[in-house]
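Here the structure is laid out as structure tokens; the discussion comes afterwards.
Bear in mind that the values in this text are calculations on the coordinates, not laboratory data. Bear in mind that the values here come from a model prediction, so they are computed numbers and not experimental data. Cβ coordinates were reconstructed from backbone atoms using ideal geometry, including for glycine residues, and neighbour counts include every protein chain displayed.
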Amino acid sequence: MNNRAYGTLGEEAAAAYLIKQGYRILRRNFRAGRLGEIDIIGMDNDTLCFVEVKTRSSDVYGTPAQALSYRKQAAIIRLARIYMQNSRCMDKPVRFDVIELKMDRAGNVRDIHLIKNAFQE
């Protein structure tokens with residue numbers, strides 16, 4: 001399985017997990033120009049959540065969340081502001097979450113962990 005398909009399977013599993021946790025999914029794979037992408041945008045009660053999904057097959061190179069660089073965090077924050085302006089939801093409380101997924105290369109999820117408020121603006 002190539003990396004793109006692997007990541008897509010991880011995002012599918014993450015979205016299903018968030019729904020089970022009570023999130024309402026608003027948007028997936030939000031892009032604005034070349035700034036990057038926000039994997040999942042959802043609501044957790046009245047909080048607007050921007051969720052980065054990190055899928056790995058092992059911890060050999062660190063945990064999945066450790067792969068979320070400061071540069072990627074800054075890009076997510078910029079994209080979140082654009083989404084909020086375009087959607088006219090600047091008055092909502094905001095949170096940045098990360099989902100760590102450990103999945104074998106065949107697509108079987110071994111572990112999933114939600115980190116709420118993983119980083120701040």
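Okay, here's what the table says:
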{"item": "DSSP loop trypsin sites (Lys or Arg not before Pro) with at most 15 other Cβ within 10 Å: longest gap in the chain", "result": "35-87"}
{"item": "Size of charge dipole - region 3-119 - debye, nearest 20, with Cβ of Lys, Arg +1 and Asp, Glu -1, no other charges", "result": "380"}
{"item": "Relative exposure of Val98, Val60, judged by other C-beta atoms within 10 Å (fewest first)", "result": "Val60, Val98"}
{"item": "Stokes-Einstein diffusion coefficient of region 66-121, Kirkwood radius over Cα pairs, 37 °C, 0.692 mPa s, in µm²/s", "result": "250"}
{"item": "The chain: angle of helix 70-87 to the longest principal axis, Cα-based, in degrees nearest 10", "result": "50"}
{"item": "Which of Cys49, Cys89 has the fewest Cβ neighbours within 10 Å, and the rest in rising order", "result": "Cys89, Cys49"}
{"item": "Normalised contact order of the chain, rounded percent, pairs of Cα under 8 Å and 6 or more residues apart", "result": "25"}
{"item": "Likely footprinting exposure, Met103, Met43, Met1, fewest C-beta neighbours within 10 Å first", "result": "Met1, Met43, Met103"}
{"item": "Value of Rg/Rh across the chain [Cα atoms, Kirkwood radius]", "result": "0.95"}
{"item": "Integer Hz, Karplus 6.51/-1.76/1.60 couplings in order for region 106-121, x for Gly and Pro", "result": "8, x, 8, 6, 9, 7, 9, 9, 9, 10, 7, 6, 5, 8, 10, 5"}
